[in-house]
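Visitor: After the structure tokens below, expect a handful of questions from me.
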Amino acid sequence: MKITHVTLAMVTALLASGCGQKETAKGGNSAAAPTQTEANAAATATSTPAEKTAARVIEITANDQMKFSVTRIEAKAGEEIKVVLRNVGQLPKEAMGHNWVLLKPGSDVNAFSTTAMSARDKDYIPDSLKNQIIAHTALLGPRQSDEVTFVVPAAGEYPFLCSFPAHAMAGMKGVLVAK
Ligand code: ZN
């Protein structure tokens, strides 16, 4: 799911840049100045809505002290959000890996964390609880980052956590509040 979003974003970006270069090249070679102006105006007009609908970026860091830099996110129902998680720690992934997992309202963070402990081969994303997950990043080692884009489904309080063993209990959790 995450990969699909990233791939689509990349394709969109490539298409956008490709179109832009084409327009510029055509305008540069053409002797007709008005045509170039029109092309530029059209490009500006089409790019503006795309910027307005771009996902809002929330940057979160995770560290060796088992802390997220953000523990509360306020959002609107239907809003598209891109969470960029960066592990700024030094310890190896096996000892201090971090992810960011957003759960449906009413999910039990501690219960999720406990079940996740036995899902080491799945990067602590247990198959049996996937129906509780709205979105999640990859499990990150030191100096790694990952992002996930999602639409906030409805108003409510969505708990999030790092599902690496014992991290949620140590405080690596928070809430996304949607209105
Ligand atoms: Zn963690």
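The values are calculated or read from the model by the stated rules, or taken from the named source; none is laboratory data. The structure displayed is predicted, hence computed values, not measured ones. All accessible areas refer to the heavy atoms of the entire protein, side chains included, with ligands and DNA or RNA removed. Shrake-Rupley method; radii C 1.70, N 1.55, O 1.52, S 1.80 Å.
Visitor: Could you give the distance between the Cα centres of segment 129-179 and segment 54-109, to the whole Å?
Guide: Here the answer is 5 Å between Cα centres.
Visitor: For segment 56-178, how big is Rg over Rh, using alpha carbon atoms and the Kirkwood form of Rh?
Guide: With Rg and the Kirkwood Rh in hand, the quotient comes to 0.93.
Visitor: With every protein chain kept in place and ligands, DNA and RNA left out, what is the accessible area per residue of segment 56-178? Probe 1.4 Å, answer in Å².
Guide: It amounts to 46 Å² per residue over segment 56-178.
Visitor: Can you flag which of Lys104/Lys173; Lys76/Lys122; Lys93/Lys122 are past 22 Å Cα-Cα?
Guide: In this structure, Lys76/Lys122 lie more than 22 Å apart at Cα.
Visitor: How long is the gain from Glu59 to Gln90 if the chain were fully straight, where each residue apart is worth 0.36 nm and the alpha carbon distance is subtracted?
Guide: 9.3 nm
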